Amino acid sequence: MRAKLVAANWKMNGSFSLLDNMLDVLIPYSGEESCQVVICPPNVLLSSLKKAVEGTKIEVGAQNVHTEISGAFTGETSAPLLKECGVQWCIVGHSERRVLFDESDEFIRNKTETLLKHGIRPILCVGESLEQRESGNHEEVVVTQLRKGLSGFAADDQSRCVVAYEPIWAIGTGKTATPEQANSMHSIIRKELESLASSEVAEKIQILYGGSVNVENAKILLTQSEIDGALVGGASLKIDAFPQIVAAGS
Ligand code: PGA
């Protein structure tokens, strides 16, 4: 049985006070019985997050990393420094990075490699645009992103990755994929993982759904057979919503 995982992607939002207030409410929700919980705030909040969650079940995630471990890359953050800040997880391949920052599959794959080398678990995002879904290309797009993102890694490394299926048309739009659409794409992803790695690895890898997850739809999504958790954007910034989404996954 794969454990459920609920991850918060704060994007370029949040503040020190939101972090304090969120943790006050969230920590009681994340006891022994809870699903895995990861918070990915902006980097400047990482050290405070790490201190505040020591001894709890909440884990620390970052939203981005560079492929190189040091050098003249103004504005970027290296994997070793993230590790020093207590980072256990890092999102890679988010559609906002692919589209707004022009990140290629190869660059994303190399980020994954750097993370794995430094003991940080990648959350690899894949997902199609509305146009790609409407033209019937969605499965091919997702499978290609997955193949390119995970190619050339040993089975052990592949099994340390988590995949997040995030259809672009569902991100921040309030338009969620139906549980059936999400579950069916997750089955396709798992089948592809079998041929990329092995059936053992494919059985282990958690596949999260992301795209307008909220308090109302969390339970139905998180109880689908192929959905192992959620990557939550907007609702993860709401103190009256995120802890309840964690509860729905627990
Ligand atoms: P959303 O974002 O929940 O606001 O749709 C999800 C994400 O981008 O990870």
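The values are calculated or read from the model by the stated rules, or taken from the named source; none is laboratory data. Bear in mind the structure is a predicted one, so any value in this text is a computation, not a measurement. Positions of Cβ are generated from backbone atoms using ideal geometry, with glycine treated the same way; all protein chains shown enter the neighbour counts. When the accessible area is computed, the model is the full protein with side chains, heavy atoms only, and any ligands, DNA or RNA have been set aside. Shrake-Rupley method; radii C 1.70, N 1.55, O 1.52, S 1.80 Å.
Using Cα springs under 10 Å in a Gaussian network model of the chain, which residue among 200, 134, 216 shows the largest mean-square fluctuation?
Among 200, 134, 216, the largest mean-square fluctuation in the Gaussian network model of the chain belongs to 134.
Using the Karplus curve 6.51 cos²θ - 1.76 cosθ + 1.60 with θ = phi - 60°, what ³J(HN,Hα) values do you get for each residue of the stretch 203-219, in whole Hz, with x for Gly and Pro?
Karplus values, whole Hz, x for Gly and Pro: 5, 7, 5, 7, 10, 8, 9, x, x, 6, 6, 9, 4, 6, 9, 4, 5.
Order 20, 228, most accessible first, counting only protein heavy atoms with a 1.4 angstrom probe. Display every interim value, and only then the final one.
Numbers: 20 90, 228 5 Å².
Solvent-accessible surface, decreasing: 20, 228.
Output wanted: per-residue J couplings in Hz (rounded whole) for the stretch 228-237, from phi through Karplus 6.51 cos²θ - 1.76 cosθ + 1.60, θ = phi - 60°, x for Gly and Pro.
In residue order, the calculated couplings are 9, x, 9, 10, 10, x, x, 6, 7, 9 Hz.
Name the residues whose placed amide hydrogens come within less than 5 Å of the amide hydrogen of residue 232, ignoring near sequence neighbours (fewer than 5 apart) on the same chain.
Distant-sequence amide H within range of residue 232: 7, 8, 9.
Hey, which aspartates and glutamates would be in cross-link range of residue 238, C-alpha to C-alpha under 16 Å, not counting anything within fewer than 8 residues on its own chain?
Once the sequence-local aspartates and glutamates are set aside, what remains near residue 238 is 20, 24, 216.
Read phi for every residue in the stretch 115-122 and hand back ³J(HN,Hα) as whole Hz from Karplus 6.51 cos²θ - 1.76 cosθ + 1.60, θ = phi - 60°, with x for Gly and Pro.
Per residue, the Karplus-derived 3J(HN,Hα) values read 4, 4, 4, 9, x, 10, 7, x Hz.
Using every alpha carbon pair in the chain, what percent of pairs falls into each 10 Å bin from 0 up to the bin containing the largest distance?
Per 10 Å bin, starting at zero, the Cα-Cα P(r) for the chain comes out as 8, 34, 39, 18, 1 percent.
Gap in Å between the Cα centre of the stretch 87-114 and the Cα centre of the stretch 2-74?
With the stretch 2-74 and the stretch 87-114 each reduced to a Cα centre, they are spaced 18 Å.
Could you work out Rg/(2.2 N^0.38 Å) for the stretch 77-198, with Rg from alpha carbons only?
1.06
To the nearest 500 deg cm²/dmol, what mean residue ellipticity at 222 nm is calculated for the chain from DSSP H runs of n ≥ 4 alone, each contributing -39,500 (n - 2.57), summed and divided by the residues? Intermediate results must be reported in sequence, preceding the final value.
Values: 12 runs with 105 residues, N = 250.
Mean residue ellipticity, 222 nm, calculated: -11500 deg cm²/dmol.
Would you please classify the overall shape of the stretch 153-220 from the alpha carbon gyration tensor, given that a ≥ b ≥ c denote the square roots of the eigenvalues, rounded means a/c under 1.5, and beyond that prolate means a/b larger than b/c while oblate covers the rest?
Numbers: a/c = 2.56, a/b = 2.32, b/c = 1.10.
Prolate, since a/c reaches 1.5 and a/b exceeds b/c.
Could you sort 173-183, 86-96 so that the peptide with the highest average Cβ count within 10 Å comes first and the rest follow in order?
On the way: 173-183: 16.2, 86-96: 23.3.
Going from most to least packed, we get 86-96, 173-183.
If the stretch 44-148 were replaced by its equivalent ellipsoid, with semi-axes equal to the square roots of 5 times the Cα gyration tensor eigenvalues, what would those be, largest first, whole Å?
28, 16, 12
Using a 1.4 angstrom probe and counting only protein chains, how large is the accessible area of residue 238 in Å², to 10?
Here the residue's solvent-accessible area equals roughly 110 Å².
Quick check for me: using +1 on Lys/Arg Cβ and -1 on Asp/Glu Cβ, what's the dipole size of the chain about its Cα centre, in debye to the nearest 20?
Here the chain has a charge dipole of around 320 debye.
Over the chain, with every protein chain in place, what whole percent of the accessible area is carbon and sulfur at 1.4 Å, could you tell me?
Answer for the chain is 50 percent, counting heavy atoms of protein chains only.
Residue farthest toward the positive end of the dipole of the chain, with Cβ of Lys/Arg at +1 and Asp/Glu at -1: which of 222, 38, 173?
Most positive-ward Cα: 38.
Starting from the amide H of residue 91, placed 1.01 Å from N in the peptide plane, find each other amide H under 5 Å away whose residue is 5 or more places distant or on another chain.
Result for residue 91 returns 62, 63, 64, 123.
Could you order peptides 148-159, 104-115, 204-215, 66-77 by the average number of other Cβ atoms within 10 Å of their residues, highest first?
204-215, 104-115, 148-159, 66-77
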